[in-house]
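Asker: Dropping a structure here in structure tokens format, bear with me for questions.
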């Protein structure tokens, strides 16, 4: 399993192409080699490939506008082909109001097209996905509705914990469907923390990820509590490296 960065952490430093380019360099200078493109300004796929190549980075997953995934599926997959990214992610869906059935209705066709093109649609959870409907969580229902080779899950460990779920249990439940997992720690007051600085069981989470052949642990911290997010990203990487990851 490799360590990467969810660039949503540094979204305030990626608001235009100049700052986006500078932030990719700073990310690489910290020592990261893998990134998730999310929360940045708009970019051209060829421009992104050039920037990634220049900094020795690889994009392993994106968060792409759901409307584009649904209505411009072929164009989205063509763009991902240009910068060499297999995983096409949905960062947020209003699961509480639309339910798993609503997601299936909107994205089942796109998910099949993406699969047939050699790519993989990925769903990222927040806390709402762990609400139970007739005894089953929304996340369980999604996993039942879509074949494993058609929909994957970017399990967000922080949001699972915040919802009262066990991240280790869910990594095991979604075995084979989580090429990427978000690593984000939690302080006692639910504030987000650099990985290793909070109270989550990351040694257990890492073992579960390795057991279930997760490809990438993507460090994310939506809120750095006033601290420079690049400092937080370095702190998380240093901790994960101390546990033998790189």
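Asker: Mind checking the full-extension length gain between residue 41 and residue 191? Use 0.36 nm per residue of separation minus the Cα-Cα distance, one decimal, nm.
Answerer: On the way: separation 150, 0.36 × 150 = 54.00 nm, distance 2.62 nm.
Using 0.36 nm per residue and subtracting the Cα-Cα distance, I get 51.4 nm.
Asker: Restricting to bridges with both residues inside the range 2-242, how much of the DSSP beta-bridge set is antiparallel, in percent to the nearest 5?
Answerer: Expressed as a percentage, antiparallel bridges in the range 2-242 total about 10.
Asker: Now for a different question. Multiplying the sequence separation of residue 15 and residue 127 by 0.36 nm and subtracting their Cα-Cα distance, what value in nm do you get?
Answerer: Result: 37.6 nm gained on full extension.
Asker: Would you mind computing Rg(Cα) / (2.2 N^0.38 Å) for the range 182-246, counting N as its residues? Provide the component values of the computation, followed by the final result.
Answerer: Values: Rg = 11.5 Å, N = 65, 2.2 N^0.38 = 10.7 Å.
For the range 182-246, the normalised Cα radius of gyration comes out at 1.07.
Asker: How many angstrom separate the Cα center of the range 101-130 from the Cα center of the range 138-186?
Answerer: Result: 13 Å between the Cα centres.
Asker: Which translational diffusion coefficient, to the nearest whole µm²/s, is obtained for the range 36-159 from the Stokes-Einstein equation, given a Kirkwood hydrodynamic radius over C-alpha pairs, 25 °C and 0.890 mPa s?
Answerer: Reported coefficient: 163 µm²/s.
Asker: While we're here: Determine the distance separating the Cα centre of the range 13-91 from the Cα centre of the range 200-246; give it in Å without decimals.
Answerer: 20
Asker: If you don't mind, another one. How much length would be gained if the chain were fully extended between residue 199 and residue 96, taking 0.36 nm per residue of separation minus their Cα-Cα distance, in nm to one decimal?
Answerer: Result: 34.3 nm gained on full extension.
Asker: Mind jotting down the three principal axis lengths of the chain based on Cα atoms? Whole angstrom, largest first.
Answerer: Between the extreme Cα coordinates on each principal axis of the chain lie 46, 42, 30 Å.
Asker: Could you please tell me the mean projected area of the C-alpha convex hull for the range 13-92, averaged over all directions and given in square nanometres to one decimal? Intermediate results must be reported in sequence, preceding the final value.
Answerer: Working: hull surface 19.5 nm².
Averaging across all directions leaves 4.9 nm² for the Cα convex hull.
Throughout, read-outs are computed from the coordinates displayed, never taken from laboratory work. This structure is a prediction, so every number in the text was calculated from the model and none was measured.
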